[in-house]
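Take a look at the structure below.
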Amino acid sequence: MAGAAPLSKPEIAVAAPETTQPAGGFSATVLSADAAGLEAYAAFCAGAVYPPPQDPLWADAWLGNAGEEGVVALLSRDGAPALALALEVVRIGPLRIARFPGGQHANGNFPVLHPDALPAEGDRMDAARSLVGAIGSARPQIDMLALERQQKAFRGLPNPLLALPHTVSPNLSLAVDLTGGFDRLLKGGSGRRRRKKNRSQTRKMEAAGGYRRFAATSPREVDELLDLFFALKRARLARMGISDLFGAPHVQASFRRLFHAALGKSGCPFVLHALEVGGKVRAITGSSRTEDAIICEFSTFAEDELAHASPGDFLFFENIAEASAEGMSLYDFSVGDEPYKRLWCDVETRHADVFMGLTARGRALANASFAVTRMKRFVKQNPVMARLARRARKMSAQSES
């Protein structure tokens, strides 16, 4: 998700339009995320451009049991499919928020877009307002749209949703430019160090009983790897003082549905990889893919007697090498600025967060959300404050253990 240009500056929530009458030739249909709604969404996606978190498989995995707690909004222009959103509705106290399915697990977001019906720059506000107005009219109980971690452009197409009030996301997204091949990455001092480290890791793993990297190709392997991932991630996040975003039963069930559904699909849209050493899985990644990029959606490793060999780093080396061999132009580590990502990454992207109030209290929440996002961004971009925040989080975790 490379090379985002500076985002436009409006950060004040405005009221949703009161009418859903077509503007600029646009008209919208809003459905519940039941079987019929998700089927309509999947049909609408045919021939469209969309990133993995808006893939019909992803929408079905997260919204399959949502019903009225999910929304499918379809925008047409002069009768032709133009833009679509699949959203989940969650509660924050008494408020209802519509967001991309998966919440914080959905990164690099972008609407489903039909290039032939792409609104011209002057029409994008009409398109966005038509869609938002239809959602507000059909689902008046929704107080706010929180459409976070959006790409400014995807596959060369601009994001029409950024005609709505938005701000810069607080978290960076980091990626590796693979153009020029894997050998290019291993040139220079840092590349030679990575190659030397990889050879050392290989020797350690061979001494520990040998290793293999494999992808889950059956429901049983998916379940076994996800069971292990959830357990390892829970333990690691607890030691770091971070709440477990993978711990909720509906989150785990959604990822199971996603990776089960992806088995056997052409192009491997979602795949689990594992590194096994001495007969034991030591590292796991869950990835998605576009036509030119592999995106690491999540990863973890076992903190055991072989942790000194950095099995997680070794698995990333192999994943990146494979992505390069497949002719991908980008290996995307997704959202989050971590030292292990910095060892590889040379592409930084800032995403955009849209907060759009649909009711009076939703508009108040949108303005508060902009303020909180600015504060988070300030802390994360200030090395001293970011370090203090990490230290406080770790101390809190230690005191609770």
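Of the residues Glu221, Glu297, the one with the fewest other Cβ atoms within 10 Å heads the list, and the complete ranking is Glu221, Glu297. Overall dimensions of the range 104-223, expressed as equivalent-ellipsoid semi-axes from the Cα gyration tensor (√(5λ), whole Å, largest first), are 44, 21, 14. Within the listed set Pro140, Pro52, Pro158, the residue fluctuating most in the Gaussian network model of the chain (springs between alpha-carbon atoms under 10 angstrom) is Pro140.
Ranking Ala127, Ala28, Asn198 by how far each Cα lies toward the positive end of the dipole of the chain (charges on Cβ) leaves Asn198 at the top. What the Cβ-Cβ distance of Arg234 and Thr29 gives, at R0 = 45 Å and to the nearest 0.05, is a FRET efficiency of 0.65.
Charged neighbours of Gly209, selected by a Cβ distance under 10 Å, balance to -1 (K, R count +1; D, E count -1).
The C-alpha atoms of the chain define a longest principal axis, and helix 124-138 lies at about 80 degrees to it. Among Ser218, Ser324, Ser369, the residue with the largest mean-square fluctuation in a Gaussian network model of the chain, with springs joining Cα atoms closer than 10 Å, is Ser218.
For the range 227-285, the relative contact order comes to 19 percent (Cα pairs under 8 Å, sequence separation of at least 6).
Each Lys or Arg adds one and each Asp or Glu takes one away; over the other residues whose Cβ falls under 14 Å from the Cβ of Phe259, this sums to -2. The long axis of helix 35-45 is offset from the longest Cα principal axis of the chain by roughly 80 degrees. Rounded to the nearest 10 degrees, what's the angle between the helix 311-325 long axis and the longest principal axis of the chain, both from Cα atoms, 0 to 90? Taking the Cα atoms of the chain, the angle to 311-325 is about 70 degrees. Short-range pairs are left out: with C-alpha atoms under 8 Å and at least six residues apart, the relative contact order of the chain is 24 percent. Couplings 3J(HN,Hα) for the range 170-185, derived from phi with the Karplus relation 6.51 cos²θ - 1.76 cosθ + 1.60 (θ = phi - 60°), are x, 9, 6, 10, 10, 8, 10, 6, 9, 5, x, x, 5, 4, 4, 5 Hz, where x marks Gly and Pro. When only Cα pairs below 8 angstrom with a gap of at least 6 residues are kept, the range 86-245 shows a relative contact order of 18 percent. The trypsin sites (Lys or Arg not before Pro) of the range 209-309 that meet both conditions, a loop assignment by DSSP and at most 16 other Cβ atoms within 10 Å of the site Cβ, are Lys265. Spatially, the range 318-369 and the range 51-105 are offset by 19 Å when compared through their Cα centroids.
Checking every one of the trypsin sites (Lys or Arg not before Pro) in the range 108-167 against DSSP loop status and a limit of 15 other Cβ atoms within 10 Å picks out Arg155. Per 5 Å bin, what percent of the C-alpha pairs of the range 140-194 does each bin hold, from zero upward? Each 5 Å bin holds this share of Cα pairs: 4, 13, 15, 16, 12, 10, 13, 7, 5, 3, 2, 1.
The numbers here are math on the coordinates, done by the rules we state, and not lab data. These figures come from a predicted structure and were not determined experimentally. Every residue, glycine among them, receives a Cβ derived from its backbone with ideal geometry; neighbour counts consider all protein chains shown.
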